[in-house]
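Report on the structure given below.
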Amino acid sequence: MDLAHARALIPHAGLLIEPYRPARDAIALEQLAVWAMRWSPVVAADQPDGMMLDISGCGHLFGGDKALAISLRKRLRKLGFTARVAVASTPGAAWGAARFGPAAGIIIRPGREREAIAPLPVESLRISGTVVDALGEVGIRTVEQLMAIARSSLPARYGQEILRRLDEALGQSHEAVLGVQEAEAVQAHLELPGGTTQLEAIELGVRHLLEELIRMLERQESGLRRLDATFQRLDSAQICIIVQVSRPTRSGKHLWSLLRPRIERMNLGYGVTGIALCAAGVVRIAHAQATLLVEPESACEHEAAIDQTIDALVGRLGANRVCRLLMRESHRPESAAWAAPLLDCPRAAPARLVQTQTLAREACQRPSVLHTQPQPLSVISLSPDGPVMSIAQAGDARRIIASIGPERIGGEWWRAREPQRDYFRVQDERGRWLWIFREARGLSKSCDAAGARSDSSEWFIHGEWA
Amino acid sequence: MALSNAISVLRERISLTPAKIPRGSVELAGVQLNMGGVHEWFGSAAAVGHPDRDWLPPMCLLADLARRAIAQRAVSSVFWIGRRLWPYPLLLDQHRQVLARSVLVDPPDNSSRLWAIDVALRTPGAVAVIADAQGLTLPHTRRLQLAAGAFGGLCLLARPPGELDRLSAASTRWRITPAVSPTIRPRWTLALLRHKDRPALTDEPPSWTMEWNHAQGLICLPAPLALPARGATAQAR
């Protein structure tokens, strides 16, 4: 179903629209595979939309393979996923039966793969679309029809892949399930018997734990994006300090520089009895070649310094106060750009800029300062669509000596009742260039003594060239 | 670990850190704005709102200076500190490298703002720090001048027009006022109120008229044809 169809079926307010992001979906599937390791130690994320669990020897723990499959489907439904589950002795047969078999699920007993997959379409063998099309041209639609053909004639016509996939489904060729590996939790804990209120002792403990954490990250050749420091107080209260960094790091010095000011501001109460550090967002970081002679002005040094400054700013001011500019494809000036927290959009990724000719042309005519809220003003013009003669705001009237426009900007059709705007670039007698607009709902009808039409309510000032 | 320790010891012994960070400058109307210096820009009162509270920093000019500064280094960032100083992105659309390398900071109060400017200036990769300097005092600007001098970043401070009489340690001070433009390009008059490397300026500070080139996103001197000399105009008449 396409988006327009969905919008037509469901009222606007009840439809949640999210852009399709395959990379994020892939990460989510990997996380789901880690979550599914409660049923089996070997779980593989079968991109883009499946999971493969090697449940050899696991069924009896859940009351049998059927109970395991039911449990899996029930838990997935609770998470909001609609899943089709199939159990088979080969990954190939399970893959085909889950996608093309009965929706209620199926359990294929060992040795019954041939008859289970026979009625399924040839797509269930995980063969490429071109081979499926080629088979379709000669009327081969099901696996049963395919198996009826002599094996020796298949590779010459359709390649080696088809035989390999058939053998994998039937168990005549081994196929391993390469499971996702749950990352080893990177955490360290320190008990302080009796508790302490001495800041120096707590800082020493944190530094010790931090060194331990760094060693663990070095062993994993990884870095962290977030560090959670938890302090257990004597009065059973827990204080949690979360430090986020703009790119994965395992620099103890940098992490300590971010942690230290937060610890100094912490309320120790009657004392701290335990400290725990836990690394979150652990990812592998690229190997860096160690060099003896470091150039102080090198690009890497500058990049690292900028990142550390950003982390320090985020640590003190908050993630929402350190941003970068992104642009949207919108003609509405206030919607065309937005500031996104920098930690949510790493600097390494290029800014999402709209590359259209239209926007580039528009940019030439946009002011340097855009007011957050358009300010109402009074305008006098000789005729409704004529040039603006003067403007007044809060009793301050100014003559207009140059006017360029109108430039009509329509409302976005998916937003209800957004009026059109006619924008003008005007220069007042003091030399200021202002960006004013008239909402195209209607024009005022009043005339002053000189015969000029006065339009007092529909005009706004939206920006200025400063 | 032993190898990395040995490398750090060797690095310390060799001590390759240069005594002087290479500097450059950005030229504006024939005046060199030294990198590693603080330069103050007095904006104008906004067309709407209270004249003391609502003032506009010279964003076109600051964006152009950021573009020129960023062109000097391959890896660099520009910090825009203070929400008033956040540029409207379409202003920088012609200079996407500036947009991509911009970091926007919104400190909640004056002390955080001063701290943020100082931290940004002490970052080796920060080629320009453009900040709202409303309310900064002489000691504050001295501190920023020291930070900029030590790390070689260009510090551009925007101040409201009402703070012209405040003392400051800035290398240069400029006043920007809108000028009537006979063309469709916005114009401003730039008055150089102070330059530390020049003798004391007279009562009549040197001034230039500059205009905004929409198409290229640049600040430039107006073309001579567009602004003929007064004598020449009279002759033509």
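Quick notes on this structure:
- Of residues in the range B:99-117 being of a type in the set (D, E, K, R) and closer than 19 Å to A:L342 by Cβ, the one modelled with the lowest pLDDT: B:R101
- Which listed residue is among the small types (G, A, S), in contact (Cβ under 8 Å) with a residue 60 or more places away in the chain and within 21 Å of B:R68 (Cα to Cα), from B:G217, B:G162: B:G217
- For the range B:55-66, a residue qualifies if it is of a type outside the set (A, V, I, L, M) and more than 14 Å from B:W212 (Cα to Cα), and the qualifying residues are B:W55, B:P57.
- Of residues in the range A:328-340 being outside any loop (DSSP other than H, G, I, E, B) and surrounded by 15 or more Cβ atoms within 10 Å (Cβ to Cβ), the one nearest to the chain's Cα centre (by Cα): A:A340
- For the range A:218-248, the set of residues classified as among the β-branched types (V, I, T) and either without any contact (Cβ under 8 Å) to a residue 40 or more places away in the chain or under 17 Å from A:P261 (Cβ atoms) (or both) consists of A:I239, A:I241, A:I242, A:V243, A:V245, listed by residue number.
Each row is one residue, and each column tells you yes or no for (1) closer than 30 Å to A:I436 by Cβ; (2) modelled with pLDDT under 80.
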site	(1), (2)
A:L293	no, yes
A:P296	no, yes
A:P346	no, yes
A:T358	yes, yes
A:T372	yes, no
A:S381	yes, no
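- Given (1) within 8 Å of chain B (Cβ to nearest Cβ); (2) exposed (fewer than 14 other Cβ atoms within 10 Å of the Cβ); (3) modelled with pLDDT of 80 or more, number of the condition A:P350 does not satisfy: (3)
- Residues located in the range B:162-199, provided they are within 12 Å of another protein chain (Cβ to nearest Cβ) and either surrounded by fewer than 17 Cβ atoms within 10 Å (Cβ to Cβ) or in a loop (DSSP other than H, G, I, E, B) (or both): B:V180, B:S181, B:P182, B:T183, B:I184, B:R185, B:P186, B:T189
- A search for C-beta distances below 7 Å between a residue of the range B:31-42 that is closer than 11 Å to B:S168 by Cβ and any residue that is of a type in the set (V, I, T) and modelled with pLDDT under 90, counting only pairs 6+ apart in sequence or on different chains, returns nothing.
- Residue within the range B:200-222 that is surrounded by 14 or more Cβ atoms within 10 Å (Cβ to Cβ), farther than 19 Å from A:A466 by Cα and either at pLDDT 90 or above or under 16 Å from the mean Cα position of the chain (by Cα) (or both) present: no
- Set A:L72, A:L76, A:L68: member being assigned to a helix (DSSP H, G or I) and more than 31 Å from the chain's Cα centre (by Cα): A:L68
- In summary, B:A158 fulfils each of the numbered conditions (1) touching a strand residue (DSSP E or B) at 6+ places or on another chain (Cβ under 6 Å); (2) under 27 Å from B:G30 (Cβ atoms); (3) not in a strand (DSSP E or B) with the single exception of condition (3).
- Of the residues making up the range A:300-327, those that are buried (at least 17 other Cβ atoms within 10 Å of the Cβ) and of a type in the set (G, A, S) are A:A304, A:A305, A:A312, A:G315.
- Any helices (runs of 4 or more DSSP H) falling wholly within the range A:122-240 and containing at least 3 residues that are surrounded by 19 or more Cβ atoms within 10 Å (Cβ to Cβ): A:161-170, A:199-220
Results for (1) modelled with pLDDT of 85 or more; (2) out of contact with any strand residue (DSSP E or B) (no Cβ under 7 Å at 6 or more places or on another chain); (3) not in a loop (DSSP other than H, G, I, E, B), shown as yes or no for each residue.
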| position | (1), (2), (3) |
| --- | --- |
| B:N5 | no, yes, yes |
| B:R13 | no, yes, yes |
| B:W41 | yes, no, yes |
| B:A47 | no, no, no |
| B:H50 | no, yes, no |
| B:R68 | yes, no, yes |
| B:L91 | no, yes, yes |
| B:Q97 | no, yes, yes |
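- Candidate set from the range B:142-157 (those that are crowded, with 24+ Cβ neighbours inside 10 Å and not aliphatic (A, V, I, L, M)); member that is farthest from B:L62 (Cα to Cα): B:G153
- Complete set of residues in the range A:94-111 that are small (G, A, S), under 15 Å from A:G171 (Cβ atoms) and not in a loop (DSSP other than H, G, I, E, B): A:A94, A:G96, A:A97
- B:A131, sole failed condition from (1) touching a residue at least 40 places away in the same chain (Cβ under 8 Å); (2) within 18 Å of A:A312 (Cα to Cα); (3) over 15 Å from the mean Cα position of the chain (by Cα): (3)
- Candidates B:V119, B:V129, B:V98, B:V78, filtered to the one that is within 9 Å of chain A (Cβ to nearest Cβ) and either hydrophobic (A, V, I, L, M, F, W, C) or in contact with an Asp or Glu (Cβ under 8 Å, 6 or more places away or on another chain) (or both): B:V119
The values are calculated or read from the model by the stated rules, or taken from the named source; none is laboratory data. These numbers come from a predicted model, not from an experiment. Glycine also receives a Cβ, built like all others from the backbone with ideal geometry; neighbour counts cover every protein chain displayed.
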